[in-house]
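Worksheet for the structure shown next.
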Amino acid sequence: MDSFIIRGPSRLKGSVNISGAKNAMLPLMAAAILTEGKCVLENVPDLKDTGTMSELLRGLGVDVEFSDSRLFLDASKIESEEAPYNLVRTMRASIYVLAPLIAKRGHARVSLPGGCAWGPRPIDLHLKGLMALGAKIEIDHGYIEASADRLHGAEIILSVPSVGATVNILMAAVLADGETIIENAACEPEIVNLAEALKQSGAIIDGEGTSKIVIKGVKEIQPFNFRVIPDRIEAGTFAAAAVITGGKIEIRDCEPDHMHSVFDKLSACGAKIELSQNGFTVEAPEKIRSTEVETGYYPSFPTDMQAQMMSLLCLADGTSSIVEHVYPDRFTHVPELRRLGADINIDGRVAIVNGVGRLAGAPVMATDIRASSALILAGLVAHGETKVLRIYHIDRGYERIEEKFAAIGADIRRISD
Ligand code: UD1
């Protein structure tokens, strides 16, 4: 298993290019199932999850080729409708094949994803939404067995604006008979990206990016040729790295418009943010200021940036608070940050972070994608050596992260134990 060895403290300076967004690419890959012919995705990051979704699609009979940030997908010869447990358990977003398989093939057998390190992560809203569209769904031996002769439009009110449920319902509704309305839909840029690709293919969708999406079903949709949006969480992670290391980083090839809540909090910490032609520059303050952060659904502060923000606040002047509204148990990074000398207390969904003068290197264990990047950030400023174990998590969601950090002055290397 690979680990990172980081020697700190270091001050990061330079520029970094942001890759395509994992969370935009995965639904787009699944959406290819809705089409017949060659779909092309541009700006695709080379991630472990790209490989997992490719393997899953190949298992269904989709022809998948990846070359030089481009992904070619041809779903004309699908011969299976099964997403097996061994793949779904390593990547929950495998559930995205459920709706397109039902809509296009009339049947799907998809393993239930199960829980994750930070909570149960249910999929009840995906299933209720698909049932409202006419799918018959049963759970059998750990698998979702779903079928439908023909889906029909419906009005679906989500009790929470789930990204995953919005993606699955949207993909099913484009080929359903009649009109579907998703109320309390997720507004994330990744949903807009998916809707735009589907619209380019002939789907009729209105309201993406707002909490009410209206879809008028069509008989078929054509293959798409589409560009994946930049990863706003990767951009936010590098922005946080500039602040925590007292450095200055130009973050290129990203979409600042997707990052207002992150900019607000980094500015509250004293960071200076200036927009540039295709990105922005972040400059750290003399001393990080404490602040209050509450995660929420887009456009609120993303839960996927909570761990990185916490690393940064560990070194702030005074006491900060973080309230995790999306996943109340998403604090598995806290015991690891404490190993580096952080002073953090958890009470339910609230973390109180007392700023400390310095962190000290130690071995720490990564528990999920974003927790891993938070540990790297802390390792960059911790005095001495930090070893981050189980970095396979980070390889799922960040492209060549150690190369990107090394290029802007970090002392970081990958070792195989
Ligand atoms: C997506 C992102 C993940 C991010 C999360 C929240 C992908 C591949 N993953 O995950 O990185 O952390 O959004 O921004 O895009 N919920 C239910 N029932 C459901 C579905 C969700 O109760 O059927 C709840 C969840 O427990 C959670 C909230 O809704 O509290 C949001 O979850 P959701 O938006 O669905 O997250 P994912 O799509 O799994």
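Go ahead and run the numbers for FRET between GLU274 and VAL323, Cβ-Cβ distance against an R0 of 30 Å, rounding to 0.05.
0.55
Between the listed residues LEU130, ALA108, VAL293, the Cα displaced farthest toward the positive end of the dipole of the chain, a dipole computed from Cβ unit charges relative to the Cα centre, is found at VAL293. Only lysines eight or more places from LYS199 in sequence, or on another chain, were considered; those with a Cα closer than 24 Å are LYS22, LYS38, LYS77, LYS104, LYS212, LYS216, LYS219. Positive contributions from Lys and Arg (+1) and negative ones from Asp and Glu (-1), summed over other residues with Cβ under 12 Å from the Cβ of ASN17, come out at -3. Once the cut-off is 19 Å, how many percent of the Cα-Cα pairs in segment 236-299 end up in the long-distance tail? That tail contains 26 percent of the Cα-Cα pairs. Here the simple spin-label model places points 7 Å from the Cα toward Cβ, and for GLU403 and GLU82 these points are separated by 3.7 nm.
When the Gaussian network model of the chain links Cα atoms closer than 10 Å, the mean-square fluctuations of ASP343, ASP177, ASP257 top out at ASP257.
Of the candidates PRO120, PRO27, PRO335, which one comes out as most mobile in a Gaussian network treatment of the chain with C-alpha springs shorter than 10 Å? Top of the fluctuation ranking is PRO120.
A full extension of the chain between ARG338 and LYS287 corresponds to an added length of 16.3 nm, given 0.36 nm per residue minus the alpha carbon distance. Residue-normalised convex hull volume from the C-alpha trace of segment 22-227: 101 Å³ per residue.
Loop sites here are GluC sites (Glu not before Pro) outside DSSP states H, G, I, E and B with no more than 13 other Cβ atoms within 10 Å. The longest part of the chain free of them is 80-219. Between GLU294 and GLU385, the C-beta separation translates, for a Förster distance of 35 Å, into a calculated FRET efficiency of about 0.55. Farthest toward the positive end of the dipole of segment 22-227, out of ALA173, ILE157, ILE215, is the Cα of ILE157, where the dipole comes from beta carbon charges about the Cα centre.
Kindly identify segment 319-358 as rounded, prolate or oblate by the Cα gyration tensor criterion: order the square roots of the eigenvalues as a ≥ b ≥ c, call it rounded if a/c is under 1.5, otherwise compare a/b with b/c, prolate if a/b is larger, else oblate.
oblate
Build a GNM of the chain with springs between Cα atoms under 10 Å apart, and of THR386, THR180, THR210 the one that fluctuates most is THR210. For trypsin sites (Lys or Arg not before Pro), the sites in segment 155-228 that DSSP calls loop and that have at most 16 other Cβ atoms within 10 Å are LYS219. Near LYS199, once Lys and Arg are set to +1 and Asp and Glu to -1 for all other residues with Cβ below 10 Å from its Cβ, the sum equals -3. For the chain, the relative contact order is 21 percent, taking Cα pairs closer than 8 Å that sit 6 or more residues apart in sequence and dividing their mean separation by the residue count. What's the local net charge at SER321, with K and R +1, D and E -1, over the other residues with C-beta under 9 Å away? After counting each charged neighbour, the total is -2.
Its Kirkwood hydrodynamic radius, worked out from the mean inverse distance over all distinct Cα pairs, puts the chain at 21.8 Å. How would segment 132-187 be classified by its alpha-carbon gyration tensor: rounded, prolate or oblate, with rounded meaning a/c under 1.5 and the a/b versus b/c comparison settling the rest? Note, shape of segment 132-187 comes out oblate. For the chain, the 222 nm mean residue ellipticity estimated from helices alone, with every DSSP H stretch of n ≥ 4 adding -39500 (n - 2.57) and the total spread over all residues, rounds to -9000 deg cm²/dmol.
Taking a straight line from the alpha carbon of LYS287, these aspartates and glutamates sit under 18 Å away, with near neighbours fewer than eight places off in the same chain left out: ASP264, ASP317, ASP343. Would you please classify the overall shape of segment 171-220 from the alpha carbon gyration tensor, given that a ≥ b ≥ c denote the square roots of the eigenvalues, rounded means a/c under 1.5, and beyond that prolate means a/b larger than b/c while oblate covers the rest? Here segment 171-220 falls in the oblate category. Run through segment 294-375 and list the trypsin sites (Lys or Arg not before Pro) located in a DSSP loop whose Cβ has at most 13 other Cβ atoms within 10 Å. Here the trypsin sites (Lys or Arg not before Pro) that fit, given the DSSP loop and packing criteria, are ARG358.
Here, each number is a calculation from the coordinates, and none is a lab measurement. Keep in mind that this is a model prediction, so the values were computed, not measured. Note: ideal-geometry Cβ built from the backbone for every residue, glycine included; neighbour counts use all protein chains shown.
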